[in-house]
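Before any comments, here is the structure.
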Amino acid sequence: MPANPNPKTISFNVGLRGQPHPFTCFDTDINRKITNDIFQGITYPLFKKIPDVTCIVDIGANVGATPVLFANEYTNARIVAFEPAPETFQLLQKNTASISGVEVHPYGLFDTDKEAILYQGNEDTVTRSLAEGIDTKSTGGTIILRDARKCFQTLSIEKIDILKIDTEGAERHILSSIAGMLPQILVIYIEFHSEEDRQFIDALLSPSHRLFNAKINVPHRGDVTYVAKDVLRTWPGVEDYKIVL
C-alpha cells in the first residue's frame, strides 16, 4: 500500500524552453525542497561545455523535476525516465506529457528482472526504499524491477551521454548491470546510500571518470557527480586546480 493513498500536491510554473511550464509535486517540505534544489541546479549541476547530448537516462525520476531540467538544457536529447512507485509515476507522467523527447516508464531498474517490496517512507515518498532502514516503515507495496542492460537493449538505448541514478539503494546493482556502457557516459549523477556503495561506485568509475562534485550531509548518504576524463581533457585549466607536494 502507498505511504499516503491521497497525498496532497502543489502546482506551480517553471521555465521550459522559454515558456512557463506547469509542474506538480507532493506538498511536503521535503518534496518542495528537493524540487527547488533540482530546478536551481544545486543537486545536479549542468555542464554547458558538453556538446551534442543525444541521450539522457534518468533512473528514479520521482515526479519529474530532473527530466524537465534536462529537457530545458539539452533541447535535442532523448530523455528516458524510470519511476516504479505508482502515485509518483502519475505525477512524472503529468509533468512531462507535453515535452517532446521525454519518455517515461512505470518500473524500476536492477541487475535482474523481479518484483520487490518498495517500503514506505516514514516522513515522505522520497525516502521509500527497497530495503528497510531508518527512513522507512516495515510495510510497502510491490513494484516491478527490470534488468537495466536488457531494458536498454529493448528500448534501443545503445549509448548514454548523461546518466542520473537515484534509487534509494539499488544504484550498485544498476551500475553492475550496465558496467560495459559506463566508460562512454559523459556525465554520471548518482546518489549513494552506504559507505560501501560509495567506495564501490568510486572504484568502478575511477578508471574512466573523475569525481567532479559531491554533496554529503550525513554519513552513508550523498550525491556525487562524475565526469568522463576524456571530456575533462578538453576543458582548459582543469589541471590547474591540482596541488602536488
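Taken together, the values in this text are just the output of simple stated rules run on the coordinates, not laboratory data. The model shown is predicted, which means the values in this text are computed figures rather than measured ones. Cβ: placed from backbone, ideal geometry, glycine included. Neighbour counts: every protein chain shown.
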Among Gly101, Ile30, Val80, the residue whose Cα sits farthest towards the positive end of the charge dipole of the chain (+1 at Cβ of Lys and Arg, -1 at Cβ of Asp and Glu, taken about the Cα centre) is Gly101
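Let me know the longest stretch in the chain that avoids all trypsin sites (Lys or Arg not before Pro) found in a DSSP loop with at most 16 other C-beta atoms within 10 Å.
Values: sites that count: Lys8, Arg17, Lys48, Lys49, Lys159, Arg233, Lys242.
So the longest stretch without any such site is 50-158.
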With θ set to phi - 60° and the Karplus curve 6.51 cos²θ - 1.76 cosθ + 1.60, what are the ³J(HN,Hα) couplings of segment 220-227 in order, to the nearest whole Hz, using x for Gly and Pro? 6, 9, x, 10, 10, 10, 10, 10
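Considering only DSSP beta bridges whose two residues both sit in the chain, what percent are antiparallel, to the nearest 5?
So the antiparallel bridges amount to about 60 percent of the total.
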Quick one: check the C-alpha center-to-center distance for segment 146-180 versus segment 24-75, whole angstrom. 18 Å
Only one of the values [x] 1.05; [y] 0.94; [z] 0.98 was calculated from this structure for Cα Rg over 2.2 N^0.38 Å; name its label. [z]
Computed magnitude of the charge dipole of the chain (debye, nearest 20; Cβ of K, R +1, Cβ of D, E -1): 520 debye
Mind checking which lysines have their Cα closer than 28 Å to the Cα of Lys114? Skip sequence neighbours fewer than 8 apart in that chain. Lys94, Lys137, Lys150, Lys159, Lys164
Just tell me the longest site-free run in the chain, where the sites are GluC sites (Glu not before Pro) in a DSSP loop having at most 14 other beta-carbon atoms within 10 Å. 1-122
Helix-only [θ]222 nm of the chain, DSSP H runs n ≥ 4, -39500 (n - 2.57) each, per residue, nearest 500: -7000 deg cm²/dmol
Return the Cα extents of segment 1-84 along principal axes one, two and three, sorted largest first, each rounded to a whole Å. 42, 25, 20
Mind jotting down the three principal axis lengths of segment 51-108 based on Cα atoms? Whole angstrom, largest first. 34, 20, 13
Plugging the Cβ-Cβ distance of Leu46 and Ala203 into 1/(1 + (r/R0)^6) at R0 = 25 Å yields, to the nearest 0.05, a FRET efficiency of 0.40
For a quick size check, give me the Cα extents of segment 160-245 along its three principal axes, largest first, whole Å. 36, 29, 18
